[in-house]
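First the structure, in the form of structure tokens, and then the observations on it.
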There are 2 protein chains.
Amino acid sequence: MKIGMIGGIGHNGYVFDGVRARADARIVGVAPGPAEESAAAIARQAERIDQSPKVFDNFRRMLDDEKPDIVSVACHYADHAAVAIEVIERGHHVFIEKPMATTLDDLQALERVFDNANVQLSCMLGLRYAPAFTTAWRVVDHGAIGEVRLMTAQKSYKLGKRPAWTHDRDRYGGTIPWVGSHAIDWLHWFSGARFEHVYATHSARSNRDHGELEASALCHFTMSNDIFGGVNIDYLRPGKAMSHGDDRIRVAGTDGVIEVSEGRAYLIDDQGPRDLELEPKREIFAEFMDQIEGTAMSLISAEDAFLTTKACLLARQSADEGREISF
Amino acid sequence: MKIGMIGGIGHNGYVFDGVRARADARIVGVAPGPAEESAAAIARQAERIDQSPKVFDNFRRMLDDEKPDIVSVACHYADHAAVAIEVIERGHHVFIEKPMATTLDDLQALERVFDNANVQLSCMLGLRYAPAFTTAWRVVDHGAIGEVRLMTAQKSYKLGKRPAWTHDRDRYGGTIPWVGSHAIDWLHWFSGARFEHVYATHSARSNRDHGELEASALCHFTMSNDIFGGVNIDYLRPGKAMSHGDDRIRVAGTDGVIEVSEGRAYLIDDQGPRDLELEPKREIFAEFMDQIEGTAMSLISAEDAFLTTKACLLARQSADEGREISF
């Protein structure tokens with residue numbers, strides 16, 4: 001399995017972890033995204049796991065020369081869609097950092113190209129693979145809490161000092177798509193319900209000189225069957241907090257309530273409250289490789305990836321325009 | 001201090017606890033609310049704390065005969081405003097169960113009568129007096145988390161089997177005003193910000209044969225200075241959960257995050273994460289008596305009580321009408 005990597009931003013660690021998990025996977029080439037200067041940093045990271053990719057300064061040349069089976073795309077967020085389109089059009093499977101697109105036009109263009117191609121696509125919505133989330137989801141999927149009625153999810157990050165391009169909405173895409181995408185993804189993943197409406201707000205106030213980057217956001221999704229989903233997003237997590245991110249979901253159903261917080265999954269049902277034993281960690285990129293080989297299914301289908309991205313962009317539009325948006 | 005009690009619904013325990021805390025307080029008369037048959041149950045509860053009120057079958061007669069200094073009103077929720085208006089017009093101070101009114105017209109009528117009277121009014125928003133909330137609020141008020149940016153609050157109750165009148169919106173008033181009022185109250189209490197807009201949804205699905213009673217709701221408040229507040233409300237807490245209610249708030253500010261959950265107050269700031277030592281429990285009704293005597297200030301001003309009630313009713317209207325409402 002030959003892997004090419006485009007871009008040094010985001011969660012390339014998923015790719016490295018997947019490659020380490022499979023003896024037959026090889027990173028054959030790395031190249032910078034369109035707005036990046038070099039792929040030297042990606043190459044250095046690859047060398048740390050005993051890979052020796054060829055380093056290119058242009059991703060098209062990397063694709064043409066190395067003909068990778070799968071290509072990861074993790075560059076400036078606004079470039080994801082255009083790069084992924086070129087990757088797909090050249091016939092490579094693609095593993096794209098979220099958000100896969102930062103405008104609805106880009107998303108539609110990507111979906112059109114994907115629909116007409118014969119490749120597979122997945123997205124770095126890696127928190128589906130965090131054991132507490134995978135465990136909680138499976139328990140809900142097996143009916144432990146009955147019918148899902150109300151969900152609240154949280155993404156809270158430390159702000160730190162982020163690169164200048166993230167201060168610019170046109171390149172960054174917004175905090176709802178970047179930080180919020182995981183939580184928005186959980187809503188339809190856990191409930192199996194359709195998104196119907198979204199109402200959202202966001203604000204760049206108190207963002208410690210990060211330009212247009214929104215430091216706080218709140219989204220309210222109405223889903224099929226009167227299922228409601230709230231998502232609160234912020235960059236307000238104090239530097240002294242134990243971990244970078246404070247990821248949570250609470251799912252209240254007709255027969256129980258399940259929560260994920262601090263890496264734990266906690267259930268209350270008619271047997272009382274208890275912590276759940278967590279499923280073993282699975283590797284997102286390794287499973288995508290398995291899916292391509294037809295031996296497993298990734299937890300994140302292309303359909304999921306497109307739907308989550310659309311939900312993020314409609315939530316951002318709601319927040320920008322100050323009104324409810326229907327799906 | 002002579003106390004009269006009208007109605008046997010709701011949090012009369014606040015009144016009994018306050019009376020026990022003050023040697024000079026005496027419950028002189030009890031009467032049913034307009035839709036209740038008798039006050040015998042209230043009288044029995046009063047006797048348990050060594051009070052021997054006279055039992056009336058009509059609250060007007062109780063007011064005229066006993067001339068109480070303060071009157072508590074806790075009857076069918078839709079009757080609160082009309083009863084409180086009569087109490088105020090007769091010149092008694094009044095301590096009203098929330099929601100103080102179940103329609104905006106009733107609320108305006110109550111506020112008009114109160115503004116023209118020379119009595120004091122407070123409301124049974126008793127969770128301000130739960131030590132974890134009082135403690136967290138004071139820490140925020142003292143600036144420990146900097147400027148408040150994003151709040152999420154939760155009210156989750158066990159449903160059990162509720163009386164038939166709560167199945168009827170016209171008498172019950174709705175789950176957002178009844179269950180949600182505490183959480184909605186916290187938003188302006190903790191932030192000191194003005195409510196500007198609200199978008200809410202609610203649903204009576206899966207309410208286990210409770211008629212129109214909504215079992216789930218989600219509210220999204222936009223406040224002054226781009227402060228956002230989410231409130232999730234449900235009757236989905238499993239019967240086997242440790243406590244009846246699962247009350248929470250998380251307040252994220254520019255310099256820290258504070259949370260109340262399971263009776264604990266937890267702060268993360270630049271000194272790291274820690275549980276806060278809780279303030280001693282104070283008695284809501286005893287403090288209202290102190291306020292009337294001029295020796296203390298209740299945590300719940302009349303202004304707070306009117307504002308919280310209005311916010312609840314506008315949130316319910318938003319949910320009923322499926323649109324954002326401006327304050």
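The values are calculated or read from the model by the stated rules, or taken from the named source; none is laboratory data. None of the values given here were measured: they were computed from a predicted structure. Neighbour counts are summed over all protein chains in view; Cβ atoms, including those assigned to glycine, are modelled from backbone coordinates with ideal geometry.
Only one entry of B:233, B:184, B:227 meets the criterion of being closer than 20 Å to residue B:167 by Cα and crowded, with 24+ Cβ neighbours inside 10 Å, and that entry is B:233.
Annotation note: of A:149, A:128, the sole residue that is out of contact with any Asp or Glu (no Cβ under 6 Å at 6 or more places or on another chain), within 14 Å of chain B (Cβ to nearest Cβ), of a type in the set (Lys, Arg) and within 30 Å of residue B:233 (Cβ to Cβ) is A:149.
Whether any residue in segment A:284-300 is crowded, with 17+ Cβ neighbours inside 10 Å and among the polar types (S, T, N, Q) is what I want to check. Within segment A:284-300, one or more residues are crowded, with 17+ Cβ neighbours inside 10 Å and among the polar types (S, T, N, Q). Checked against the criterion of being out of contact with any helix residue (DSSP H, G or I) (no Cβ under 6 Å at 6 or more places or on another chain) and either more than 8 Å from chain B (Cβ to nearest Cβ) or of a type in the set (D, E, K, R) (or both), the candidates A:257, A:251, A:231, A:179 yield just one match: A:179.
With respect to the conditions (1) under 30 Å from residue A:69 (Cα atoms); (2) in contact with a Phe, Trp or Tyr (Cβ under 7 Å, 6 or more places away or on another chain), residue A:280 falls short on a single one, namely (2). Counting only helices (runs of 4 or more DSSP H) that fall entirely inside segment A:6-82 and contain at least 2 residues that are of a type in the set (Val, Ile, Thr) and over 23 Å from residue A:101 (Cα atoms), no element qualifies.
Rundown of residues vs (1) out of contact with any strand residue (DSSP E or B) (no Cβ under 6 Å at 6 or more places or on another chain); (2) in a strand (DSSP E or B); (3) modelled with pLDDT of 95 or more; (4) farther than 28 Å from residue B:145 by Cβ, yes/no style:
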| position | (1), (2), (3), (4) |
| --- | --- |
| B:230 | no, yes, yes, no |
| B:278 | yes, no, yes, no |
| B:297 | yes, no, yes, no |
| B:308 | yes, no, yes, no |
| B:316 | yes, no, yes, yes |
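Filtered by the rule that a residue be surrounded by fewer than 24 Cβ atoms within 10 Å (Cβ to Cβ) and either within 23 Å of the chain's Cα centre (by Cα) or among the hydroxyl-bearing types (Ser, Thr, Tyr) (or both), segment A:242-260 gives A:242, A:243, A:244, A:245, A:246, A:247, A:248, A:250, A:254, A:259. Considered as a group, the residues in segment A:187-205 that are in contact (Cβ under 8 Å) with a residue 12 or more places away in the chain and part of a loop (DSSP other than H, G, I, E, B) include one that is surrounded by the most Cβ atoms within 10 Å (Cβ to Cβ), and that residue is A:193.
Of the strands (runs of 3 or more DSSP E) entirely within segment B:90-159, those holding at least 2 residues that are of a type in the set (S, T, N, Q) and within 18 Å of the chain's Cα centre (by Cα) occupy B:148-156.
Here are some residues: B:73, B:30, B:55. Which one is touching a residue at least 24 places away in the same chain (Cβ under 8 Å), under 16 Å from the mean Cα position of the chain (by Cα) and surrounded by 15 or more Cβ atoms within 10 Å (Cβ to Cβ)?
B:73
Restricting B:205, B:237, B:194, B:169 to residues that are more than 24 Å from residue B:132 (Cβ to Cβ) and within 8 Å of chain A (Cβ to nearest Cβ) narrows the list to B:205.
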